[in-house]
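Peer 1: The structure under discussion is supplied below as structure tokens; questions concerning it will follow.
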Amino acid sequence: MTLENKVALVTGGASGIGEAVTRLFVERGARVVVVDLQQEAGDTLVAGLGEAVAFLRGDVSDRAVADRAVATAVERFGGLDVLVNNASASRVRPFTEQTDDDWKLALDTGLFATRNFMLAAYPELRKAQGAVVNFASGAGIDGQPNQASYAAGKEAIRGLSRVVANEWAADGIRVNVVSPMARTAGVAAWAEAHPEQYALSAAKVPLGRFGDPRTDVAPVIAFLASDDARYMTGQTLMADGGAIKLR
């Protein structure tokens, strides 16, 4: 499976699953525009991966950042073939304790960021007959406690992705969703804060562990971005060790 000569845009691409995706994409021949708030992490990526990566520091909830990111892909690499909407942020609290700010954070950085980057990328993706990979979560599919705003946003992304997969199919653009379960730094912090909930989640994984972002999750995203998945659109792929089996 190759991504040779493809240009990708990865939001939240400087750490966690996003960083794993960025590194694997470059390894497989792609050039990548990374959008992230973490300047130091972005600088480290550029230092390690060289001219194959362009880093843009920005808040994904800002529509102007989406426009600037797509413009960067065109200016630096000549176009855009793949959009990976990985970035999101949320706060973990019971539903009755979640504030308007909690909901705004989850929806702005998740659902609306996904929408904005898809709209910004559409003209270039249409030219390339490219691919979009959006992110869902078992928190939404399974109804995980303390994750109301995050879960709602992630399920909204799945609905949006199915609609746009149908609408953009005529343009040759594929839109798919990945729902990962991986031991990122954020998950490690959640496990420390909510050990019982973490243990319950881990116990549901038939393969017996949380996935590794680089070896277990990023390759699934690379597949969806590649021509090997050219006959797939509107699908949700569970990269979660079998924890959730969609019907």
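Peer 1: Can you run phi through the Karplus equation (6.51, -1.76, 1.60; θ = phi - 60°) for the stretch 142-152 and list ³J(HN,Hα) in whole Hz, with x for Gly and Pro?
Peer 2: With the stated coefficients, the stretch 142-152 comes to 9, x, 5, x, 6, 10, 4, 5, 5, 4, 4 Hz.
Peer 1: Sticking with this structure for a sec: Where is the GNM fluctuation largest for the chain (alpha-carbon springs, 10 angstrom cutoff): D81, D100, D216?
Peer 2: D100
Peer 1: When we measure straight from the Cα of K6, which lysines land under 16 angstrom away, once same-chain ones fewer than 8 places off are left out?
Peer 2: By straight Cα distance, K6 reaches K127.
Peer 1: Farthest toward the dipole's positive end in the stretch 155-228, which of I157, P180, A170, given Cβ charges of +1 (Lys, Arg) and -1 (Asp, Glu) about the Cα centre?
Peer 2: Result: P180, furthest along the dipole toward the positive end.
Peer 1: Stokes-Einstein at 10 °C, 1.306 mPa s, Kirkwood radius from Cα pairs: D for the stretch 1-84 in µm² s⁻¹?
Peer 2: Values: Rh = 12.2 Å.
D, rounded to a whole number, is 130 µm²/s.
Peer 1: Still on this structure: Compute the accessible area per residue over the stretch 96-184, keeping the other protein chains in place, probe 1.4 Å, unit Å². Intermediate results must be reported in sequence, preceding the final value.
Peer 2: Details: 3600 Å² over 89 residues.
Roughly 40 Å² per residue, with all protein chains present.
Peer 1: Of all accessible surface on the chain at a 1.4 Å probe, what whole percent is carbon and sulfur? Provide the component values of the computation, followed by the final result.
Peer 2: Numbers: 5690 of 11290 Å².
Heavy-atom surface of the chain belonging to carbon and sulfur, 1.4 Å probe: 50 percent.
Peer 1: Additional query: If I build a Gaussian network model for the chain, linking alpha-carbon pairs within less than 10 angstrom, which residue out of A20, A106, A47 has the largest mean-square fluctuation?
Peer 2: Looking only at A20, A106, A47, the largest GNM fluctuation is found for A47.
Peer 1: Residue by residue through the stretch 163-179, which ³J(HN,Hα) values in whole Hz follow from phi under the Karplus form 6.51 cos²θ - 1.76 cosθ + 1.60 (θ = phi - 60°), with glycine and proline marked x?
Peer 2: Those phi angles translate into 5, 5, 4, 6, 5, 8, 4, 5, 8, x, 9, 9, 10, 10, 10, 10, 10 Hz.
Peer 1: At 1.4 Å probe size, what's the solvent-accessible area of T2? Round to the nearest 10 Å².
Peer 2: 80
Peer 1: If I model the stretch 184-247 as equal point scatterers sitting on the Cα atoms and use the Debye formula, what is log10 I(q)/I(0) at q = 0.22, 0.24, 0.28 Å⁻¹?
Peer 2: Treating every Cα as an identical point scatterer, log10 I(q)/I(0) equals -1.00, -1.09, -1.22.
Peer 1: Assuming 0.890 mPa s and 25 °C, estimate D for the chain with Stokes-Einstein, Rh taken as the Kirkwood radius over Cα pairs, in µm²/s.
Peer 2: Details: Rh = 17.9 Å.
The calculation lands on 137 µm²/s.
Peer 1: While we're here: Distance from the Cα centre of the stretch 1-43 to that of the stretch 110-136, in angstrom?
Peer 2: 15
Peer 1: In whole Hz, with x marking every Gly and Pro, tabulate ³J(HN,Hα) for the stretch 111-118 from phi via Karplus 6.51 cos²θ - 1.76 cosθ + 1.60, θ = phi - 60°.
Peer 2: Once θ is set to phi - 60°, the couplings for the stretch 111-118 become 4, 6, 5, 4, 4, 5, 5, 5 Hz.
The values are calculated or read from the model by the stated rules, or taken from the named source; none is laboratory data. Not measured: the values here are computed from a predicted model. Here Cβ is always computed from backbone atoms with ideal geometry, including for glycine, and neighbour counts include all displayed protein chains. For accessibility, only protein heavy atoms count, side chains too; no ligands or nucleic acids. Shrake-Rupley method; radii C 1.70, N 1.55, O 1.52, S 1.80 Å.
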